[in-house]
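A.B. asks: The structure is given below, and queries will be raised subsequently.
The values are calculated or read from the model by the stated rules, or taken from the named source; none is laboratory data. Every value quoted in this text rests on a predicted model; they were computed, and no experiment measured them. Counting neighbours? That spans all protein chains shown, and the Cβs are built from the backbone with ideal geometry, glycine included. For the accessible areas, the whole protein counts, side chains as well, though only heavy atoms, and no ligand, DNA or RNA atoms are used. Shrake-Rupley method; radii C 1.70, N 1.55, O 1.52, S 1.80 Å.
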Amino acid sequence: MALVVVIEDESDLLELLEYHLQKEGYEVFASLSTMPVERLLEEETPDLMIVDRNLPGVEGSEFVLSLRNRGIDIPVIYLSAKSSESDIDEGFLRGADDYVTKPFNYRELMHRVKAVLNRCKPQLKDIIKYKDIEIHQKSREVYIGGKKISLTKLEYDLLLELYNNLNIVLSRDYLLDKVWNNPEDHQAKTVNVAINRLKEKIDPDKNKNYIVSIRGIGYKMV
Ligand code: CA
């Protein structure tokens, strides 16, 4: 669930914003001023901030600018009565991802929130395709030529590690360390056994050779 921070000093408006955002399924941190947000930022990284500009204490865009200068690049939508061309210009120069002028339409704002979140969220690439292998990362399912195969957790992790290092020879020690929970309890030959089992599952006819062994060194996926 995305965490959205709202900073707005008019409490009625703040409540309404909170209500609409929660209705859209967001977790909301609503604040009348920047101070509580400063404290929040010490512990959390919100996904988006909606920031009024005329705030008590510090001007909203100056607050955002100070965050940007500290390397905090959480997406920001300004929600402001400052609506002149130069105000909007200034807002974008001070780190806005979008700028909404008051009065505004809630529906439109929710669309803008969603659009900014979609644009900015780091994408975990769900489906990796390589040759005829598909690795579905979210569900941890693996398909070969469209057919689902069943891997143990260890075999899955091993396959993913090999894929993430395509064409790079990985030593048995490296694989033990990366994939096994208690590498110190295992010997290098544990890796050989697991690799052979994995190969048997993903290439039962032994004609695709996704994983090759490099004698005396380790394995690589090609
Ligand atoms: Ca205000």
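A.B. asks: No solvent, one uniform scatterer per C-alpha: report log10 I(q)/I(0) for the stretch 8-75 via the Debye equation at q = 0.25 1/Å, two decimals.
C.D. replies: Here log10 of I(q) over I(0) equals -1.27.
A.B. asks: For the chain, give the percent of accessible area contributed by carbon and sulfur heavy atoms, probe 1.4 Å, rounded to a whole number.
C.D. replies: In the chain, the share of accessible area belonging to carbon and sulfur is 47 percent.
A.B. asks: Under 11 Å from a point 7 Å along the Cα-to-Cβ line of K178: which residues of the stretch 207-222 have their amide N that close?
C.D. replies: In the stretch 207-222, the label zone of K178 (backbone N under 11 Å from the point 7 Å along Cα→Cβ) covers 219-221.
A.B. asks: Rounded to the nearest 500 deg cm²/dmol, what is the calculated helix-only ellipticity per residue at 222 nm for the chain, with -39500 (n - 2.57) per DSSP H run of length n ≥ 4?
C.D. replies: On the way: 8 runs with 91 residues, N = 222.
Counting only the DSSP helices, I get -12500 deg cm²/dmol.
A.B. asks: Multiply the residue gap between R215 and K114 by 0.36 nm, knock off their C-alpha separation, and tell me the result in nm, one decimal place.
C.D. replies: Working: separation 101, 0.36 × 101 = 36.36 nm, distance 5.21 nm.
Going from the current span to full extension adds 31.2 nm.
A.B. asks: Now for a different question. Points 7 angstrom from Cα along the Cβ direction at K201 and K189: gap in nanometres?
C.D. replies: Output for this residue pair reads 2.3 nm.
A.B. asks: Under 15 Å from the Cβ of E27, count the other residues' Cβ atoms, weight Lys and Arg +1, Asp and Glu -1, and hand me the total.
C.D. replies: -2
A.B. asks: Between R140 and N167, what's the calculated FRET efficiency when r is the beta-carbon distance and R0 is 35 Å? Round to 0.05.
C.D. replies: According to the calculation, E is roughly 0.90.
A.B. asks: Measure nothing fancy, just the Cα-based angle from helix 60-69's long axis to the longest principal axis of the chain, in degrees from 0 to 90, nearest 10.
C.D. replies: Here the helix axis deviates by roughly 30 degrees.
A.B. asks: Can I ask one more? Within 11 Å, Cβ to Cβ, of V222, how many net charges do the neighbouring residues add up to if Lys/Arg are +1 and Asp/Glu are -1?
C.D. replies: Values: positive: K131, K208, K220; negative: none.
Result for the neighbourhood of V222: +3.
A.B. asks: Could I ask something else about it? Note down the nm distance, to one decimal, between modelled labels 7 Å out along Cα→Cβ at E44 and at K23.
C.D. replies: Label-label distance for E44 and K23, simple model: 2.2 nm.
A.B. asks: Check cross-link reach from K121 to the lysines: straight Cα distance under 26 Å, and skip same-chain residues fewer than eight apart.
C.D. replies: K23, K129, K138
A.B. asks: Let me ask another. Below 14 angstrom from the Cβ of D203, what's the summed charge of the other residues (Lys, Arg +1; Asp, Glu -1)?
C.D. replies: My count for the surroundings of D203 gives +3.
A.B. asks: Report the far tail of the P(r) of the chain, meaning the percent of Cα-Cα pairs longer than 32 Å. Walk me through the numbers before you get to the answer.
C.D. replies: Numbers: 11277 of 24531 pairs.
Tail fraction, whole percent: 46.
A.B. asks: For T152, T101, T45, give me the order by solvent-accessible area with a 1.4 Å probe, most accessible first, ignoring ligands, DNA and RNA.
C.D. replies: I get T45, T152, T101, largest accessible area first.
A.B. asks: Leaving out ligands and nucleic acids, note down the accessible area per residue over the stretch 79-162 with a 1.4 angstrom probe, in whole Å².
C.D. replies: Accessible area per residue, the stretch 79-162: 60 Å².
A.B. asks: Tell me, which longest segment in the chain has none of the trypsin sites (Lys or Arg not before Pro) that fall in DSSP loops with at most 11 further Cβ atoms within 10 Å?
C.D. replies: 1-69
A.B. asks: Rank these by accessible area, largest first, 1.4 Å probe: D132, D185.
C.D. replies: D185, D132
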